[in-house]
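Since the structure comes first, as structure tokens, the remarks are kept for the end.
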Amino acid sequence: MPDFKWAENAKAVYDKSISATPFPFRRNTRDGLNSILMDKYGEDTPITEEMMVQVIRDNTPSAFLGRGLKAIRPVLTDPTLADD
């Protein structure tokens, strides 16, 4: 895993988004998030909760987005970030 710099509860959002994924797909979700975060922010930019939510919104298939946002809502400092 890359050595991302996490801000706020962004690491908890990252972990929760992976654990909320059905088990057979967790590795793909983790690898996909790592790739997107690395491409978009790299290891030197602190990743905030808002950045994580935006990455999730931009890359989650619409059929699963509502369920994903509901899963991460409890770990967000500002739960309104997960509003539809």
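Ser62 sits with roughly 110 Å² accessible to a 1.4 Å probe, with DNA, RNA and ligands left out of the calculation. Gyration tensor over the Cα atoms of region 41-84: the corresponding equivalent ellipsoid has semi-axes (square roots of 5 times the eigenvalues, largest first) of 19, 14, 7 Å. Mean projection of the Cα convex hull over all viewing directions, computed for the chain: 4.9 nm². For the chain, the solvent-accessible area with a 1.4 angstrom probe is 62 square angstrom per residue.
In this simple spin-label approximation, Met1 and Arg26 carry label points 7 Å from Cα along the Cα→Cβ vector, and these lie 1.1 nm apart. Surface composition of the chain: carbon plus sulfur atoms contribute 53% of the solvent-accessible area (1.4 Å probe, protein chains only, all chains present).
For the chain, the relative contact order works out to 43 percent when only alpha carbon pairs closer than 8 Å and six or more residues apart are counted.
Can you tally the net charge around Glu8? Count Lys and Arg as +1, Asp and Glu as -1, for every other residue whose Cβ sits under 13 Å from the Cβ of Glu8. Summing Lys/Arg as +1 and Asp/Glu as -1 gives -1.
Can you tell which of Ala10, Pro46, Gly66 lies farthest toward the positive end of the dipole of the chain, using +1 and -1 charges on the Cβ of basic and acidic side chains (Lys, Arg; Asp, Glu)? Result: Gly66.
Spin-label model, Asp39/Thr77: points 7 Å from Cα along the beta carbon direction are separated by 2.8 nm.
The values are calculated or read from the model by the stated rules, or taken from the named source; none is laboratory data. Source: prediction; values computed, not measured. Note: ideal-geometry Cβ built from the backbone for every residue, glycine included; neighbour counts use all protein chains shown. SASA here: full protein model, heavy atoms, side chains in, ligands and nucleic acids out. Shrake-Rupley method; radii C 1.70, N 1.55, O 1.52, S 1.80 Å.
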